[in-house]
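Novice: Below you will find the structure I want to go over with you.
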Amino acid sequence: MTAFVDDKLKLLAMVTRRAALKLELIGMKRSRSPSAYIIVKRAYGITGNRTHVLEQLEILINQEKEAQQREYQNVRAIK
């Protein structure tokens, strides 16, 4: 059960960072540094401009969602 919660929190952090990065792309800024762009680059090792980083982060989010769905289906099959 704890593993599922940890995975969900990981996905939540990714989605939250994606939202912050999208807001930066349209012109909003964080009140303190570092920017969401820098946070995402450091956390996931992505390089490039803001648009490229957002695209790569969305790919990572989709991969994480698919992995969680497979894991959930495997657990349900065991029961």
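Coordinate-derived values only; no laboratory data. It should be emphasised that the depicted structure is a prediction, and the values quoted were computed from it without experimental measurement.
Novice: Can you list the residues, at least 5 places off or on another chain, whose amide H is less than 5 Å from the amide H of R30, using H built in the peptide plane?
Specialist: For R30, whose amide H was placed from the backbone, the distant partners under 5 Å are A36.
Novice: Additional query: Work out how far the C-alpha atoms of the range 20-79 reach from end to end along every principal axis, then list the three figures in whole Å, largest first.
Specialist: If we take the Cα atoms of the range 20-79, the spans are 48, 22, 19 Å.
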